[in-house]
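Input: a single structure, listed below in structure tokens.
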Amino acid sequence: MQDLDTAIKAMERLKTSAQNLGLTLTDKQLAMFQVFYQELVAWNEQFNLTAITEYEQVQIRHFADSLSCLLALDERPPDRERRPLRCIDIGSGAGFPGLPIKIYCPQMQIVLLEATGKKVTFLEHIVARLSLKEVVPIKGRAEEVAHDPGHRERYDLVLARAVAGLSTLAEYALPLCRMGGLVIAQKGASAQEETQAAEYAVSILGGRVKRLISVELLGLAEARTLVVIEKVACTPNQYPRRPGIPAKRPLKAQVATDDDDPETSGS
Ligand code: SAM
């Protein structure tokens, strides 16, 4: 009985949190989220998918937080597009933010890109369990997948949460984004700082920071921010660099020093 009470309370919490974001979840969608919760917790015992397992916390920190990406799409409601939006979630882990967005926007086509095999196994399981169509989990690294012509500059939307610092993430994400498409990076308190530091990387990769959106999630005190980057120019072919390099050496402007000046360096 207590379990049922907990489940009902958690579902109410998700429904209200979504409403607070301007999103209305149907009973069918709420039921899908609860199946997702049960499977996530069950598989977590073996696969170590997430540190957050408490019922209500998962509704807020995973489900509602993922849905908040939709705030960046207010100018282009996904289900009213002439064709379904094509989206890729980089470093999806156990499916965040891609799967909650797919549950809310069933028309969307989503690729869940994840480097770790056991997480991909979970993603394949949960996609089948929820009978979701047009969701493809792929095992791979963004640095490699972004050079595949089937993926390069193909996506209307590129999403990522908790994958890398923004300069590194820009190098994973912008090569996958089509001209005119959007990259949405979910960030915490460091969003402003990371955006400033990533200015150079974003610009040489063909992006332009469009806006930062502050997100308030019901019951969560922490700052959440969406960094929305628009693709305004083609990404040069050499990006992303080899696997591991974008994280090891994030792109940044070379600062000219006196040593670089032939007139003062004596060379
Ligand atoms: N996005 C999920 C979330 O917010 O719950 C997972 C976050 S987890 C901290 C980061 C995930 O990104 C890991 O599962 C890792 O395997 C994946 N990852 C990191 N670098 C990657 C890359 N270059 N390409 C693909 N996946 C990557």
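The values are calculated or read from the model by the stated rules, or taken from the named source; none is laboratory data. These numbers come from a predicted model, not from an experiment. Heads up, the Cβs are rebuilt from the backbone with ideal geometry, glycines too, and the neighbour counts pull from every protein chain shown. Accessible surface is based on the protein model in full, side chains and every heavy atom, while ligands, DNA and RNA are left aside. Shrake-Rupley method; radii C 1.70, N 1.55, O 1.52, S 1.80 Å.
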So how many residues does segment 12-26 have that are open to solvent by 20 Å² or more (accessible area, probe 1.4 Å) and within 10 Å of E56 (Cβ to Cβ)? 2
On the given criteria, is T24 in a loop (DSSP other than H, G, I, E, B) and in contact (Cβ under 8 Å) with a residue 24 or more places away in the chain? no
Here are some conditions: (1) more than 19 Å from the chain's Cα centre (by Cα); (2) open to solvent by 90 Å² or more (accessible area, probe 1.4 Å). A51 meets all but one. Which one does it not meet? (1)
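Can we say L205 is open to solvent by 60 Å² or more (accessible area, probe 1.4 Å), in contact with a Ser or Thr (Cβ under 6 Å, 6 or more places away or on another chain) and in contact (Cβ under 8 Å) with a residue 24 or more places away in the chain? So that I can check it myself, show each step before the final result.
On the way: open to solvent by 60 Å² or more (accessible area, probe 1.4 Å): no; in contact with a Ser or Thr (Cβ under 6 Å, 6 or more places away or on another chain): yes; in contact (Cβ under 8 Å) with a residue 24 or more places away in the chain: yes.
No: the conditions fail for L205.
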Among (1) out of contact with any strand residue (DSSP E or B) (no Cβ under 6 Å at 6 or more places or on another chain); (2) open to solvent by less than 20 Å² (accessible area, probe 1.4 Å) - the single one P106 does not satisfy: (2)
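Hey, can you tell me all the residues within segment 109-145 that are outside any helix (DSSP H, G or I), within 12 Å of the ligand (Cβ to nearest atom) and surrounded by 21 or more Cβ atoms within 10 Å (Cβ to Cβ)? Let's see the steps before the verdict.
If we filter segment 109-145 for residues that are outside any helix (DSSP H, G or I), which is where we start, we get 109-116, 130-141.
Right, trim to within 12 Å of the ligand (Cβ to nearest atom) and you get 111-116, 137-141.
Within segment 109-145, V111, L112, L113, E114, P137 qualify.
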Mind listing whichever residues of segment 21-65 are among the polar types (S, T, N, Q), over 21 Å from L123 (Cα atoms) and at pLDDT below 95? none
Test: A72 is among the aliphatic types (A, V, I, L, M) and in contact with a strand residue (DSSP E or B) (Cβ under 9 Å, 6 or more places away or on another chain): yes
Report yes if S214 is buried (at least 18 other Cβ atoms within 10 Å of the Cβ) and polar (S, T, N, Q), otherwise no. no
If you go through segment 31-48, how many residues are of a type in the set (A, V, I, L, M, F, W, C), surrounded by fewer than 17 Cβ atoms within 10 Å (Cβ to Cβ) and out of contact with any Lys or Arg (no Cβ under 6 Å at 6 or more places or on another chain)? 4
In segment 156-185, what count of residues is obtained for those that are within 15 Å of the ligand (Cβ to nearest atom), open to solvent by 10 Å² or more (accessible area, probe 1.4 Å) and not in a helix (DSSP H, G or I)? 5
